[in-house]
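J.: Shown below is the structure under consideration.
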Amino acid sequence: MRRALERISLIDVFMWIVGGSIIGIVLVGSVATIRSGQYSIRHWSDFLIFGVAQGSVYALIALGYTLVYGILRMINFAHGEVFMSGAYTAFFVADALSKSGFLGQNPLLGLLAVFAVSMATSVTVAVILERVAYRPLRRAPRLVPLITAIGASFFLQYTFRGFYGSGFKSYPEVPVLQGSWVWGGIVSIQRIQVLVIVAAGLLMLALYTYVQRTRAGKAMRAVSEDKDVAALMGINVDAVIVQTFIIGAALAGAAGVLYALMFRQVHFFMGFFPGIKAFTAAVLGGIGNIPGAMLGGLFLGIFESVGPILFLDGLGVPAPYQLKDAIAFTMLVLILIFRPTGILGERLARAKA
Amino acid sequence: MSKRMYLTLSVIVLASIVLAACAPSAPTAAPFVCTDTIGCVDIAPDASVHIAYALTVSGATSFLGEDSKGGIEIAIDDKGGKLLGHTIELTGEDSGCSADGGQSAGTKLAADPTIVGVVGTNCSSASRTASPLVTGAGMVMISPSATNPDLSNPDHPDYHVGYLRTAHNDLFQGRIAAQFAFNELKVKSAATIHDGSPYAESLQNVFADVFKELGGTITAQEAVNVGDVDMKPVLTKISTGSPEIIYFPIFEPEGDFMAAQAKEVSGLEDTILMGADGLFAVSFPGAAGQAAVGMYLSGPYVAGAAYDEFIAKWKAKFGGPPPSGFHAHAYDATNILLAAIEKVAVQDADGTLHVGRQALRDAVYATKDFNGLTGKLTCDVYGDCATGEALGVFKLTEAEVGGAWPPPVFWQP
Amino acid sequence: MKADKYRFTVPDAMRLGLISGAGAVLVSLVGMVKVFNERGIIAGVVSLGQIMILLILLIAGYIAARRATGGSRWAGLLQGGLAGLAAGACLAALVLLGSVINLRAMFVSASPELYKILTFDQGVVTGAGILLVVSAAVGVAGALLRQLPSRPRRTVIVASVWMLTLGLLQELLRLTLGGDAIRVFRWMFGTGGQKGLSIVGAVLVFAVVAVVHYQWTARNVNPRAWTRSLPPDRQRAVRWGSLALVALILFSLPNILGVYLSEVANAIGLFVLLGLGLNIVVGFAGLLDLGYVAFFAIGAYVMGVATTTAVGTGSGLIVYSPGFNFWQALPLAVLASVLAGVILGIPVLKMRGDYLAIVTLGFGEIIRILAISDFLKPYIGGSQGIVGVGVGQIGSFAFDEPQSLYYLVLAGCLLAAFVSTRLKDSRIGRAWMAMREDEDVAQAIGIDLVKTKLLAFATGAAFSGLSGAIFASKLGSIYPHSFSLLISINALSLIIVGGMGSIPGVIIGALALAGLPELLREFAEFRLLVYGAALMAMMLLRPEGLWPEETRRRELHDAAEGGESEPASEAAVGTN
């Protein structure tokens, strides 16, 4: 017993050393970078805004992961492809509207149509996926649905590649969203970034209210807590699960269009990396936790944008942006060492506290 | 009952095998004796001359493979599909754009003794592993688009006798890009970006070295990852050094993001952008949008009546323009190979062909002033058949963003 | 009396037909039909593309007839025909739609060639009519097949599968048999650039397989039962005999397979090694590791740095290498991987399930990013990788080509399999499995979780490092791009497809998931599509894996029987 205790404390010491040295490097690097004076306040505010805009998209995708995980305790690895399917399909609408000049004249209506198509496609894909691939496996061991989801991810990627081709398609430029606002020469923000951040914020707020305040949201939380008991209480568990998939997919579809408007490129592989990042964001914030997913997404976006410069540039590391994903994952490890269930802790139902 | 069935069955099978074995009785009187040091390929009268490709025909880089493959097919069509009275048979392997893909494809090709020569691979990483295998089997291998300098550097482990290329060595392209920037555009400071691919990394290094050698300064050598979309942070970092030109010899889609976002970063509004043949693709200007106007691309430049004729054939055969810039190199590589086979093949009275592998190799290395689409090709002893004369710098305009392709050449060394 | 027992379910058949039809439309729009139409199975008669569509229709008819249990023969056929007709109607609708609007603006594969194939080149209206008739006929054929007695039915299916497989693998056969043998069998294959079997060849293959299969099933041989019926000493002799036979086959395999298939065998072998290692971490100890490629990369890089000859300051060179030979570097590579396993294992000790998954995934990515980075380029080569990696040599026997490297890979696999088997039934193996079932209970009964977890990570990392080291030596050069997340996913998929925790399962899984894609290189474009679909189908139809561990299989079946209706009924449909 004594020996076991000793060994565990040794492990703890090791963890503290690891965590401490990461923090040490971060601090030394940050101080060195700031003291070098190479970057002005304007630069820092730029980095921050880039990070927040990117993070907002991560957060929207992360919500889909978190919702499904909260209810099914399952990593929907194919969620990135749900995101891709919407944005990719909506491209054809956006392109047609742009070519006919409609998007230029009625940007609001045009964009609404694009969003609607994207969300509808994503929802269709997600519902089919749930019915065909996930529902039969609801009581299978945990790894079986994970592998199914990985398979579905490949399948969807290459199906859409077969459908629409392997090339890159560029989203049209929307005139209203061009240009940027500048305040006092310090903060400069592009209109599209404003749209992304505001839209993401609104959607998340709406979702949070839905889950916390409505009857349907209550049913969702009940299913998340205990499926069997929820069924006994007269909740249609299958319907709630489908509903969860629908909401997650709709958010992913919206995120897809926002992403496409910001980066103006879609292709069949576009969902893979954002999917993994969003998954990371969900875990970072505490998987199954809605505000956690938002926070995780923003954190991740900001780490990726600010981190390489702030932490590494001062240390003289060449090409620091090559290491940005490594920084993101290191931060994840660091946070999980000190808070093993993410920043806000897990669970959809307990998030209320 | 069942025993009898078995017996009948085995008799049938045996008989059919024996019959089949006897049927194509070997032609008698073959006076040819192979004296070649690494062996000969014998092509029976009714058999075809077998050449193969190892290209990246699947995945994200498949546009490169499709491009080269089209060039090879047109070269064969131009021969009427026949060589010395034998049909030309083209088979191929997907080598991908990776070392493991190259090894699998190389092994499979090397195992087929009927193959006379190979055109491939597209990527240098695949060439590294495929070339020892293919050349080890005695075949000659000509790459249309592997540009890494190591492959024709005799002091490097990647150099193998029997491996040649019609693609221009990176040393040429990097140098030309740097000379263009320094001498023509008269810029004195530059930044480079690569994407972690061996190709881009090597090319931007050559560019930086030459640019410094000419007297310019390199403000930053940055890198991004394949799969990145948000390039603004790295561009912002570059903007602190205020370079006059940014050279990013990377691929799509990262290159599209880079070009489109560069103009949105404060401090880079007037910086000149320059890419390389990785972005020399019909989809690039549209994807980068208005930001691509005024941008420069270095890449293979082929022109002349013969080339126009080639493009006409391409359009007739495949519809639309070639997807990348190495089809002419593949066309030339195939023609060099076929010409060499024609030169060294020994034909028996009954039409049987014998191709000495060493003789074929020697003939390919001896290629001199070959009139190709990509200029006059002369292969040096290390396998470089291109001299860099078929390179140019292109400037993108509104027309290309609107869908015109390819752009007219802007400058040639 | 029969009538009231029989459920004449038109809607059921229609539904089935529509689902199959959607499948057929999907396959068409993805482009498989068109691309595979150029690939003959029986030269000049039927192409792979046509077979795909026909198979879908056939299966629709088959299942429809199966659902129509207890009815008269004719009703079953009608049912099958209806399903086929409905499926055909979907395809006809696609053709009609395509002739009215330009689908190609969106779906690149909706080309005139596709419509030509679907309408038998007879124009839209006539073609669609023929399509409907043919579909119904194929549906009826599927129903007929179903209504055959079980033994001839199996025979027909097995013989057809053999015929298809040989047609598919025609090129490989050619390469394996080599020049002389192929001349003997030339009449079996298509000539003049046409791929696939010749008509004679196809008929012969079908006939031979059918006769052999029919006779074989007549005798009803069950090897296991037969062995058990023998006296104990004979049993032992049989067991040793078969073991010796397996050893002999394994030993002479490279000579049988030829160079290319030996290369494939080596690739599979490296995945077997990876799988055996990951099987310990995930299968035995239940620790979900998505970053397993990290140790593979570390093994490869240690081997590369330690043995490379390309040292210097120029491009493509690294600044320092101790210049070891392969055998000196190998233990170093394994040791480094073990060390990395322990170091990466410590921070994740307290994480469970999905947190563990994402953090290990992160580790894998961190290693890959560091390998590619300019930061470490002088030491490990950055994006140019490391070239000139050493080759193993014993005396004058060098492991430098597929057929000799095979023995090195085989030795590694045998060692790993041996260690895995011994560990599985050892004290530590039982501790792992206890931990897999329930961590808290395991701790309560006195299992030291820290030690047990770290041992699992370390052992798994050792196999992975070994695999990586051999991989580096096999390629002769290392690129950071070779160590992508896909390797981790592949390794995880193969142990689950094979049957988690089962050692033969790993081998079967590697054959299926690493071997088949390699053999189907020809169909490169659709490889990953099929891979994904196969993973899904596998998990839905046989979640316990191809060769499951005995206890696990029982658990799953108990769960299926005792569980609620949904999974049980689905499983029943799948396994019939």
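J.: Can you put C:L96, C:L332 in order of Cβ neighbours within 10 angstrom, beginning with the fewest?
T.: Details: C:L96 15, C:L332 19.
Fewest to most other Cβ atoms nearby, the residues stand as C:L96, C:L332.
J.: So which of B:K313/B:K368; B:K188/B:K395; B:K79/B:K317; B:K82/C:K34; B:K212/B:K395 end up more than 22 Å apart, counting from Cα to Cα? Don't skip to the answer; put the middle values down first.
T.: Details: B:K313/B:K368 26 Å; B:K188/B:K395 20 Å; B:K79/B:K317 15 Å; B:K82/C:K34 28 Å; B:K212/B:K395 24 Å.
B:K313/B:K368; B:K82/C:K34; B:K212/B:K395, as the Cα separations exceed 22 Å there.
J.: Taking chain A as a Gaussian network, Cα atoms linked when under 10 Å apart, which of A:L112, A:L336, A:L97 shows the biggest mean-square fluctuation?
T.: Among A:L112, A:L336, A:L97, the largest GNM mean-square fluctuation belongs to A:L112.
J.: Could you list C:D400, B:D384 so that the one with the fewest beta carbons within 10 Å of its beta carbon is first and the one with the most is last? Kindly include the intermediate steps, with their values, before the conclusion.
T.: Numbers: C:D400 15, B:D384 23.
Listed from fewest to most nearby Cβ atoms, that is C:D400, B:D384.
J.: Non-local amide H neighbours of B:L391 (under 5 Å, H modeled in plane, Pro and chain starts lacking H): which ones?
T.: B:Y301
J.: With θ set to phi - 60°, apply the Karplus curve 6.51 cos²θ - 1.76 cosθ + 1.60 along region C:77-84 and write out the HN-Hα couplings as whole Hz, x wherever there is a Gly or Pro.
T.: Those phi angles translate into 5, 4, 4, x, x, 4, 4, x Hz.
J.: How long are the semi-axes of the ellipsoid equivalent to region B:318-413, from square roots of 5 times the Cα gyration tensor eigenvalues, in whole Å, largest first? Could you put the intermediate results ahead of the total?
T.: Values: eigenvalues 262, 59, 13 Å².
Semi-axes, largest first: 36, 17, 8 Å.
J.: Still on this structure, I have one more. Through the Karplus equation 6.51 cos²θ - 1.76 cosθ + 1.60, θ set to phi - 60°, convert the phi angles of region A:302-316 into ³J(HN,Hα) values in whole Hz; use x for Gly and Pro.
T.: 6, 4, 5, 7, 8, x, x, 5, 5, 7, 9, 4, x, 7, x
J.: How large is the charge dipole for the protein assembly as shown, taken about the Cα centre, if only the Cβ atoms of Lys, Arg (+1) and Asp, Glu (-1) carry charge, to the nearest 20 debye? Could you put the intermediate results ahead of the total?
T.: Details: 94 positive and 94 negative charges, 1002 e Å.
That gives a dipole near 4820 debye.
J.: Which residue fluctuates most in the GNM of chain A (Cα springs below 10 Å): A:V187, A:V306, A:V125?
T.: Evaluated over chain A, the most mobile residue of the options is A:V187.
J.: Let me ask another. Under a GNM of chain B (C-alpha, springs under 10 Å), which listed residue has the highest mean-square fluctuation: B:A259, B:A75, B:A312?
T.: B:A312
J.: Under 16 Å Cα to Cα from B:K315, which lysines show up? Leave out anything in the same chain fewer than 8 places away.
T.: The qualifying lysines are B:K69.
J.: How big, on average over all directions, is the shadow cast by the Cα convex hull of region C:1-147, in nm²? Intermediate values should be presented prior to the final figure.
T.: On the way: hull surface 34.0 nm².
Projected over every direction and averaged, the Cα hull of region C:1-147 covers 8.5 nm².
J.: For a test of understanding, tell me how many lysine pairs in region C:258-541 have Cα atoms under 20 Å apart, given they are 8 or more places apart or on different chains. Mind dumping the intermediate values first?
T.: Details: C:K350/C:K451; C:K350/C:K453; C:K424/C:K451; C:K424/C:K453.
Pairs that pass both the separation and distance tests number 4.
J.: Please identify which residues in region B:271-302 have an amide N closer than 19 Å to a label point set 7 Å out from the Cα of B:K212, following the Cα→Cβ vector.
T.: Zone members listed by number: none at all.
J.: What's the angle, to the nearest 10 degrees (0 to 90), between helix B:170-179's Cα axis and the longest principal axis of chain B?
T.: Computed tilt is about 20 degrees.
J.: Angle, helix C:124-147 long axis vs. longest principal axis of chain C, Cα atoms, 0 to 90°, nearest 10?
T.: Taking Cα atoms only, the helix is inclined about 80 degrees.
J.: Right, here's the next one. Filter the GluC sites (Glu not before Pro) in region B:172-276 down to the DSSP loop ones having no more than 11 other Cβ atoms within 10 Å, then list what survives.
T.: Details: sites: B:E184, B:E201, B:E213, B:E222, B:E244, B:E254, B:E264, B:E269; in loops: B:E244, B:E264, B:E269.
Counting only loop positions with at most 11 other Cβ atoms within 10 Å, the GluC sites (Glu not before Pro) in region B:172-276 are B:E269.
J.: How many times 2.2 N^0.38 Å is the alpha carbon radius of gyration of region A:39-277?
T.: Numbers: Rg = 19.0 Å, N = 239, 2.2 N^0.38 = 17.6 Å.
Ratio of Cα Rg to 2.2 N^0.38 Å: 1.08.
J.: So if R0 is 35 Å, what FRET efficiency would C:L148 and C:I101 give, r being the distance between their Cβ atoms, rounded to the nearest 0.05?
T.: Rounded to the nearest 0.05, the efficiency is 0.20.
J.: Defining a contact as two alpha carbons under 8 Å apart and six or more residues distant in sequence, what relative contact order in percent does chain C show? Let's see the in-between values first.
T.: Values: 926 pairs, mean separation 80.3, N = 576.
Result for chain C is 14 percent.
J.: Here is a follow-up. Sort largest first and round to whole Å: the equivalent ellipsoid semi-axes of chain C, each the square root of five times a Cα gyration tensor eigenvalue. Spell out each step's value before the answer.
T.: Numbers: eigenvalues 422, 182, 140 Å².
In descending order, the three semi-axes are 46, 30, 26 Å.
J.: Follow-up. Using modelled amide H (1.01 Å from N, peptide plane; none on Pro or chain starts), what sits under 5 Å from the amide H of B:H194, excluding residues fewer than 5 places away?
T.: Placed amide hydrogens put B:E222, B:A223, B:V224 under 5 Å from B:H194.
J.: On to the next question. Using amide H atoms built in the peptide plane, which far-off residues or other-chain residues are under 5 Å from B:Y382 H to H?
T.: none
J.: Two decimals is fine: what is log10 I(q)/I(0) at q = 0.08, 0.11, 0.14 Å⁻¹ for chain B, from a Debye sum with one equal scatterer on every Cα and no solvent?
T.: Results for chain B at q = 0.08, 0.11, 0.14 Å⁻¹ read -0.48, -0.80, -1.18.
J.: List B:V119, C:V133 from most exposed to least, where exposure is judged by having the fewest other Cβ atoms within 10 Å. Please report the intermediate quantities before stating the final value.
T.: Numbers: B:V119 29, C:V133 13.
The most exposed by this proxy come first: C:V133, B:V119.
J.: Please report, in whole Å, how far the alpha carbons of the protein assembly as shown spread along each principal axis, starting with the longest.
T.: The Cα atoms of the protein assembly as shown stretch 98, 86, 72 Å along their principal axes.
J.: Would you give the gap between the C-alpha center of region A:221-236 and the C-alpha center of region A:96-150, rounded to a whole Å?
T.: Between the Cα centre of region A:221-236 and that of region A:96-150, the gap is 26 Å.
J.: Hey, another quick one. Enter the angle in degrees (range 0 to 90, nearest 10) between the Cα long axis of helix C:353-372 and the first principal axis of the Cα atoms of chain C, meaning the one along which they spread out most.
T.: Long axis of C:353-372 versus the principal axis of chain C: about 70 degrees.
J.: Given an 8 Å cut-off on Cα distances and at least 6 residues of separation, report the relative contact order of region B:211-275 as a percent.
T.: 36
J.: Once phi is turned into ³J(HN,Hα) by the Karplus curve 6.51 cos²θ - 1.76 cosθ + 1.60 with θ = phi - 60°, what whole-Hz value does each residue of region B:242-247 show in order, with x for glycine and proline?
T.: 6, x, 8, 9, 10, 9
Coordinate-derived values only; no laboratory data. None of these values were measured; they are calculated from a predicted model. Quick reminder, even Gly has a Cβ in these numbers, built from the backbone with ideal geometry, and neighbours come from all protein chains shown.
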